[in-house]
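The values are calculated or read from the model by the stated rules, or taken from the named source; none is laboratory data. This structure is a prediction, so every number in the text was calculated from the model and none was measured. Here the Cβ is made from the backbone with ideal geometry for all residues, glycine too, and neighbour counts use every protein chain on show.
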Amino acid sequence: MELSLFNVLDLLGTLAFAVSGASLAIKKQFDLFGVFVLAFVTAIGGGTVRDVLIGNTPVEWMDNGFLIVTIAGGAGLTLLFNPYINKLGYIVYLFDAIGLGLFTMAGIQKGINMELNIFICISLGTISATFGGLLRDIITGDKPMLLTRKEIYAIASALGGVSFFSLKYFGLPAEINVPLTIVIVFLIRHVTYKAGIRLPSVDENGKWSRK
């Protein structure tokens, strides 16, 4: 496999989301098969939707055996070291936040490689970063973080994309811009989560609330 920038980002993001999915499955007391299934769905969900939308078939994981090995390895390591993990809930969050940044940049890079416009590239980054988590939450019966938890999630990904193209416009080299964008997405997600910053919601009476 050629280690292009996209492939490196995709592998790292896949590993982070596989650990996130496997950790949540363990927390939910899934059986062994369920742990690997949730790791797989979390890791490939966003990339699959992205590739289908742009007509890149077979989708990435069907054409790249390294992704399957990475997912299996991530799930296996999570199972192996689970007895030593005390704050499993935080591990799920941490790896989800890391994967959010990595997959945002992977999706953007995919769009750039296909010479798509900036808006589509940012959209692909956001889809890549969030749809695996959406499927994970649906399977586990949780309220989808992307839609109903009012946390800064997809917006963190989109803002990272805007930051990337803004810095690219001003001539920042990709060697700096790419890791910086990943860090920006992670920090937006992490800081807003820790500070309890939420998006407003509307109740049935049309009243806005930030609770």
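Of the residues Pro144, Pro58, the single one that is outside any helix (DSSP H, G or I), surrounded by fewer than 18 Cβ atoms within 10 Å (Cβ to Cβ), in contact with a helix residue (DSSP H, G or I) (Cβ under 7 Å, 6 or more places away or on another chain) and at pLDDT below 95 is Pro144. Among the residues of the stretch 1-36 satisfying the criterion of being of a type in the set (Asp, Glu) and closer than 20 Å to Asp63 by Cα, which is modelled with the lowest pLDDT? Applying the filter and picking the extreme gives Glu2. Ser128: of a type in the set (Gly, Ala, Ser), under 18 Å from the mean Cα position of the chain (by Cα) and more than 16 Å from Ser20 (Cβ to Cβ), yes or no? Judged against the criteria, Ser128 is not a match. In this entry, Ile182 passes the filter for residues that are within 17 Å of Gln109 (Cα to Cα) and assigned to a helix (DSSP H, G or I). If you check Ala156, Ala129, Ala97, Ala106 for being surrounded by fewer than 23 Cβ atoms within 10 Å (Cβ to Cβ) and in a helix (DSSP H, G or I), only one passes: Ala97. Here's a check for you: in the stretch 159-174, which residue that is within 21 Å of the chain's Cα centre (by Cα) and free of Cβ contacts under 8 Å to residues at least 40 places away in the same chain is surrounded by the fewest Cβ atoms within 10 Å (Cβ to Cβ)? Among residues in the stretch 159-174 that are within 21 Å of the chain's Cα centre (by Cα) and free of Cβ contacts under 8 Å to residues at least 40 places away in the same chain, the one surrounded by the fewest Cβ atoms within 10 Å (Cβ to Cβ) is Ser163. Being assigned to a helix (DSSP H, G or I), surrounded by fewer than 22 Cβ atoms within 10 Å (Cβ to Cβ) and modelled with pLDDT of 95 or more is a property that does not hold for Ala39.
I'd like to check something: does the stretch 78-88 contain any residue that is touching a residue at least 40 places away in the same chain (Cβ under 8 Å) and under 13 Å from the mean Cα position of the chain (by Cα)? No, that holds for no residue. Among the residues making up the stretch 1-35, a single one is among the acidic types (Asp, Glu) and in contact with a helix residue (DSSP H, G or I) (Cβ under 7 Å, 6 or more places away or on another chain): Asp10. Residue check: Thr78 meets all listed conditions (1) part of a helix (DSSP H, G or I); (2) within 19 Å of Asn177 (Cβ to Cβ); (3) not aliphatic (A, V, I, L, M) but one, namely (2).
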